[in-house]
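Quick notes on the structure that follows.
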């Protein structure tokens, strides 16, 4: 047995292994959308309070990621995509991940309450609960709609950012939620299509497993179309403007075209080119959120917002 | 001379390197947390006006405290 193997089995995790538990890539989406939710809100926030709030929202998101990895360690060990995560790779013990996740959850909620307001803190606590209990524990292994309902957890951060500034909820923050909520299913189903049998082997009832790949392709296209009214409503809302409207029109056209290409393909064609289109749509879907929310921020900074929402 | 020192201080075991990295990361995180809480406290107490902190003024205290002796 080599020294490295012996060290891994003792569970001596490095600092980077604990950082990996926070799902840094997911955290970047949480940070960016929460930041935009905060800066487009009509109430100014002191930069230090804003910075601290975004940091605590990110920590809360990371904590829910750690708790998700603790709960899903058994299926993470089966799926190729997740085998290298800290728990299945033996770098972090499950109990350590659980303690780390719970401690960070408590710290992030308490600190957000003290830094900003207790409504935002309660919203963060609910988001952590939703992601860990409703999505990870309850829905993920129960229904192919896991991604649809569970996607709400990833859609809450801009609402929390808005709540940090305003202390409440509004139609604009609900529209930011709706855009991410409707975007999540085609994003994950595009991933599920080129992950092939990963979810099936792990026993996770993804749509590709329960309804087949043809149905999943149709669902991707349907959701890219269903996303249009919500993203247009956001672009025409009081926090939208010329930049957001232009970006929204272009992004939706590309996304629907990608969905149509996925729907139009059969498995043999996809296998032949190693799921090129599915991978392209998945990568583009990441840009979709960043560019949409970036446009909202740009409209505010450039002063190109509508004087009032188009729909009143 | 250098060779003698190296001989007396061999390369630490990977286990200790990992522990050092983790402790250093934790230490820096805690230091950053303390700095952030301090900055938040200053902002909350002064209402975002750092000069108020320098001059000893605090937000919300506009008159003598009730019940205090003159």
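State yes or no: is residue B:8 more than 20 Å from the chain's Cα centre (by Cα), modelled with pLDDT under 95 and either at the interface with chain A (Cβ under 10 Å from one of its Cβ atoms) or surrounded by 11 or more Cβ atoms within 10 Å (Cβ to Cβ) (or both)? Write out each step before concluding.
Details: more than 20 Å from the chain's Cα centre (by Cα): yes; modelled with pLDDT under 95: yes; either at the interface with chain A (Cβ under 10 Å from one of its Cβ atoms) or surrounded by 11 or more Cβ atoms within 10 Å (Cβ to Cβ) (or both): no.
Considered against the rule, which asks whether it is more than 20 Å from the chain's Cα centre (by Cα), modelled with pLDDT under 95 and either at the interface with chain A (Cβ under 10 Å from one of its Cβ atoms) or surrounded by 11 or more Cβ atoms within 10 Å (Cβ to Cβ) (or both), residue B:8 comes out as no.
For residue A:200, the conditions (1) surrounded by fewer than 22 Cβ atoms within 10 Å (Cβ to Cβ); (2) touching a helix residue (DSSP H, G or I) at 6+ places or on another chain (Cβ under 8 Å); (3) farther than 14 Å from residue A:144 by Cβ all hold with the exception of (3). Scan the stretch B:14-47 residue by residue and report those that are in contact with a helix residue (DSSP H, G or I) (Cβ under 8 Å, 6 or more places away or on another chain), within 8 Å of another protein chain (Cβ to nearest Cβ) and over 15 Å from residue A:50 (Cα atoms). Within the stretch B:14-47, B:14, B:15, B:18, B:21, B:22, B:24, B:25, B:26 qualify. Every condition in (1) at pLDDT 95 or above; (2) in a loop (DSSP other than H, G, I, E, B); (3) within 14 Å of chain B (Cβ to nearest Cβ) holds for residue A:13 except the one numbered (1).
Have a look at A:286, A:227, A:245 and point out the one that is assigned to a helix (DSSP H, G or I), more than 30 Å from residue A:76 (Cβ to Cβ) and not assigned by TED's automatic domain parsing to the domain that holds residue A:148.
On the way: A:286 fails: more than 30 Å from residue A:76 (Cβ to Cβ); A:227 fails: more than 30 Å from residue A:76 (Cβ to Cβ).
Exactly one of A:286, A:227, A:245 is assigned to a helix (DSSP H, G or I), more than 30 Å from residue A:76 (Cβ to Cβ) and not assigned by TED's automatic domain parsing to the domain that holds residue A:148, namely A:245.
Could you go through the stretch A:92-106 and let me know if any residue there is farther than 23 Å from residue A:15 by Cα, in a helix (DSSP H, G or I) and outside the structural domain of residue A:199 (by TED's automatic domain parsing).
No - not one qualifying residue is present in the stretch A:92-106.
Is it true that some residue in the stretch A:143-152 is in a helix (DSSP H, G or I), closer than 20 Å to residue A:108 by Cα and touching a helix residue (DSSP H, G or I) at 6+ places or on another chain (Cβ under 8 Å)? Yes, the stretch A:143-152 contains a residue that is in a helix (DSSP H, G or I), closer than 20 Å to residue A:108 by Cα and touching a helix residue (DSSP H, G or I) at 6+ places or on another chain (Cβ under 8 Å).
The values are calculated or read from the model by the stated rules, or taken from the named source; none is laboratory data. All figures in this text were calculated on a predicted structure; none of them were measured in a lab. Using ideal geometry, Cβ is built from the backbone for each residue, glycine included, and neighbour counts are taken over all protein chains shown.
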